1. What FRET efficiency do you get for residue 16 and residue 47 if R0 is 30 Å and r is their Cβ-Cβ distance, rounded to the nearest 0.05?
2. Would you mind ranking 73, 82 by Cβ crowding within 10 Å, fewest neighbours first?
3. Send over the per residue convex hull volume for segment 1-136, Cα only, as a whole number of Å³.
4. Work out, step by step, the length gained on full extension between residue 130 and residue 23: first 0.36 nm times the residue separation, then minus their alpha carbon distance; give nm to one decimal.
5. Using just the C-alpha positions of segment 81-151 as equal point scatterers, what log10 of I(q)/I(0) does the Debye formula give at each q in 0.20, 0.24 1/Å?
6. Please compute the length gained on full extension between residue 65 and residue 4, using 0.36 nm multiplied by the number of residues separating them and subtracting their Cα-Cα distance.
7. Hey, in the GNM for the chain with a 10 angstrom Cα cutoff, which one of 112, 16, 99 fluctuates hardest?
8. Relative contact order for the chain: what is it in percent, counting Cα pairs under 8 Å that are at least 6 residues apart?
C-alpha cells in the first residue's frame, strides 16, 4: 500500500496523563545499564541541581512509543503493523524528565512516503507537562516492509 501524502501534518489528541514515578525511572535505568545516581537517588539528583531523580534520556520512549500507536491504529493511515519495523528514533530534550512529572503526549505525522515498495512514516511525539511545559520531542520513523517481490 502506498501512504497518502495528505497524512502529513495530521495531529492526534493529547494522550492521557502519564505520571513519572521514581520506581519506573529506577527500573528503566537498571534495565538500560544507566547507574548514574541522579537516576536512582533523590539526594544525589538534588545535589546535581535537579528537584528529584531524573530519567535517562531514552526513558522518553516509554511514553512516546505508546503515544505513537495512535498512528498505527488509525484506519486512514492503513499501515500493516505485522510488517512494521522501527527504522529510526531521535530525542530532543528541552529539559530532563523527572520524577513527579505529569506528562501528556501529542502525536503528529511529519512525513509519509513510499520507497521501493516500503512505506516510511515519520511520527513526532511532543511530550509536555499537563501545564504545557515542553519536555521532549521524540521522532520515530516506522517502516512497513512491502510485500515480497514488490519493487
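1. Efficiency for this residue pair is about 0.35.
2. Values: 73 10, 82 7.
By the 10 Å Cβ count, ascending, the order reads 82, 73.
3. On the way: hull volume 15.6 nm³, N = 136.
Value for segment 1-136: 115 Å³ per residue.
4. Numbers: separation 107, 0.36 × 107 = 38.52 nm, distance 2.07 nm.
Result: 36.4 nm gained on full extension.
5. -0.81, -0.99
6. 19.7 nm
7. Taking springs between Cα atoms under 10 Å, the residue moving most is 16.
8. It comes to 30 percent, rounded to a whole number.
The numbers here are math on the coordinates, done by the rules we state, and not lab data. As the structure is a computational prediction, the values presented were derived from the model and not from experiment. In this analysis, Cβ positions are derived from the backbone assuming ideal geometry, glycine residues included, and neighbour counts consider all displayed protein chains.
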